[in-house]
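Encoded as structure tokens, the structure appears first; notes follow it.
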Amino acid sequence: MNAYDIIKSPVITEQSMEGVADKKYVFKVDINANKTEIKAAIEEVFGVKVAKVNTVRMQGKVKRTGAYPAGRRPAYKKAIVTLTEKSKTIELFEGMV
């Protein structure tokens, strides 16, 4: 599994954008990836230095698909990545704050 298989997409919400000033970035990652794999993937893809990685398993929301059978969105894993103070920022999030 390479770095692009581990990092699925950035999470762009109001709450995740508040952490950009403190160099905290949120990504949707592969559900089987551990913290060391996520750290190595972020450092390889973006060329930054990671200080800490926190992960959360998010359950899929229940959604209606018509009258009776309620469906469910797929579960996913979210990683909150904190960069070191000397590290550069991730340019992907620059224009969104």
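Over the Cα atoms of the chain, the radius of gyration divided by the Kirkwood radius equals 1.05; this is the Rg/Rh ratio.
Sequence-distant contacts, meaning Cα pairs under 8 Å at least 6 residues apart, place the relative contact order of the range 35-80 at 34 percent.
Simple rule: put +1 on each Lys or Arg Cβ and -1 on each Asp or Glu Cβ in the chain, find the dipole, and look at THR65, GLY19, ILE90; the Cα lying farthest toward the positive end is THR65. Normalising the average separation of contacting C-alpha pairs (under 8 angstrom, six or more residues apart) by the number of residues puts the relative contact order of the chain at 32 percent. Round to a whole number: what % of the accessible area of the chain belongs to carbon and sulfur, probe 1.4 Å? C and S atoms contribute 51 percent here.
Charged side chains reduced to their Cβ positions (Lys and Arg at +1, Asp and Glu at -1) give the range 1-52 a dipole of some 140 debye around its Cα centre. Each Lys and Arg contributes +1 and each Asp and Glu -1, all at the Cβ; summed about the Cα centre of the chain, the dipole is approximately 560 debye. At a Förster radius of 30 Å, what calculated FRET efficiency corresponds to the Cβ-Cβ distance of TYR4 and LYS63, to the nearest 0.05? Given R0 = 30 Å and the Cβ-Cβ separation, E is 0.55.
The values are calculated or read from the model by the stated rules, or taken from the named source; none is laboratory data. Treat the numbers as computed from the prediction; the structure is a model and nothing was measured. Ideal geometry is used to build each Cβ from the backbone, glycine not excepted, and the neighbour counts take in all protein chains shown. Protein only, heavy atoms only, side chains kept; ligands, DNA and RNA dropped before computing areas. Shrake-Rupley method; radii C 1.70, N 1.55, O 1.52, S 1.80 Å.
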